[in-house]
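See structure below.
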């Protein structure tokens, strides 16, 4: 079958392509290069005719994350559209095109899968993310002593700091009482893992006030609301910034702590800034050579396991992560990975595992062996192709 991979700004697209080709299908890449922002839809294509011609040459379109205009075009052409999410919540899913007959949707966060299924969306499945251990093992097994010394860390984090976020853009426009209210809500949320309090704090009165302040526009066919948008793209990203700065600063008080990012924050203190790393080539080296890889999961992801966690374990790295409900479906805490329940717990466990090298190495190996055996892109793509009736 001729499958078009509709590319966007997602790290794991090459691994998905390799897995599709493993099953004997022909994959063609298409990257949308000419897109304007549009106040209503978020996407305004300059040449839909060109896109239609590209789609007409394939039997199926596959994308990581979901694009309403892609679904609508596939519906028009009567070809299948497969979308597998890597972000959560994905606002673009809350659109009437989600009910198109052409869609085959796969959601990595079980919380939102259940929500969309209750809305009556057909052809939707829960599917966690994955890792390409075959590719990664080739990188980590060939590391020289010099390379291991270069990438060695006691504690490392690879990821964004979100110090440029939508909340800071509107904070000065908020009444003082709302600023204090949201500061308190984010502080409270930092103490809670596995549940969200933002749903409860965004009352009708507060949402009405926010509508006066935020220029909230969307496509006439979209059905996301300001509560979902504000809790995720405003409060969620701001909380990620606050929490990651606090965690890294606390760790750096006691341990050598390295940050790999293209998005450093001026509030960081004594954290070693290492710059960004290439996902396909250098990131596995960081994960494999770091004694402890921390993974503070964004609270926007309600129950799911983020891509970084799979990548750490797939590289044979030791994973120290904040709690997520779905970890327990696949892994055993203290055996395959370790989760922390508070910032103080993170500090205690970091000290413990830095001082227990053999135990740390055994946990990293078990985590790697589980994902290699059961959670590869080959496993996931087979599931997708089977559900879509593509053989």
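The values are calculated or read from the model by the stated rules, or taken from the named source; none is laboratory data. Only a predicted model underlies this, so the values are computations on that prediction, with no experimental measurement involved. As a convention, Cβ positions derive from the backbone with ideal geometry for all residues, glycine included, and neighbour counts pool all protein chains shown.
One line per residue, one yes/no per condition, for (1) loosely packed, with under 15 Cβ neighbours inside 10 Å; (2) farther than 23 Å from residue 143 by Cβ; (3) outside the structural domain of residue 286 (by TED's automatic domain parsing):
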residue: 310; (1), (2), (3): no, no, no
residue: 320; (1), (2), (3): no, no, no
residue: 324; (1), (2), (3): no, yes, no
residue: 327; (1), (2), (3): no, yes, no
residue: 331; (1), (2), (3): no, yes, no
residue: 334; (1), (2), (3): yes, yes, no
residue: 342; (1), (2), (3): yes, yes, no
residue: 355; (1), (2), (3): yes, yes, no
residue: 360; (1), (2), (3): no, no, no
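Here's the yes/no breakdown for (1) assigned to a helix (DSSP H, G or I); (2) over 23 Å from residue 301 (Cα atoms); (3) modelled with pLDDT of 95 or more:
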{"site": "183", "(1), (2), (3)": "yes, no, yes"}
{"site": "192", "(1), (2), (3)": "no, no, no"}
{"site": "207", "(1), (2), (3)": "yes, no, no"}
{"site": "212", "(1), (2), (3)": "yes, yes, no"}
{"site": "220", "(1), (2), (3)": "no, yes, no"}
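Contact map, segment 211-222: residues that are in contact (Cβ under 8 Å) with a residue 40 or more places away in the chain paired with residues that are part of a helix (DSSP H, G or I) and surrounded by 14 or more Cβ atoms within 10 Å (Cβ to Cβ), Cβ distance under 6 Å, separation 6+ or inter-chain. Pairs shown: 221/96.
Rundown of residues vs (1) free of Cβ contacts under 8 Å to residues at least 12 places away in the same chain; (2) out of contact with any helix residue (DSSP H, G or I) (no Cβ under 7 Å at 6 or more places or on another chain); (3) closer than 14 Å to residue 131 by Cα, yes/no style:
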position	(1), (2), (3)
284	no, no, yes
304	no, no, no
315	no, no, yes
321	no, no, no
334	no, yes, no
342	no, yes, no
355	yes, yes, no
366	no, yes, no
372	no, no, yes
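A single member of 96, 53, 13 is modelled with pLDDT under 95 and assigned by TED's automatic domain parsing to the domain that holds residue 109, and it is 53. Looking at segment 9-33, which of its residues are out of contact with any helix residue (DSSP H, G or I) (no Cβ under 8 Å at 6 or more places or on another chain), exposed (fewer than 14 other Cβ atoms within 10 Å of the Cβ) and closer than 29 Å to residue 160 by Cα? Selection gives 9, 31, 33. Against the list (1) under 20 Å from residue 244 (Cα atoms); (2) assigned to a helix (DSSP H, G or I); (3) free of Cβ contacts under 8 Å to residues at least 40 places away in the same chain, the condition residue 338 fails is (2). State all residues of segment 194-205 that are modelled with pLDDT of 90 or more and over 17 Å from residue 233 (Cα atoms); if no residue qualifies, say none. 203, 204, 205 - these are the residues of segment 194-205 that are modelled with pLDDT of 90 or more and over 17 Å from residue 233 (Cα atoms).
Taken together, 124, 107 contain a single residue that is outside the structural domain of residue 294 (by TED's automatic domain parsing), closer than 24 Å to residue 312 by Cα and touching a strand residue (DSSP E or B) at 6+ places or on another chain (Cβ under 7 Å), which is 107.
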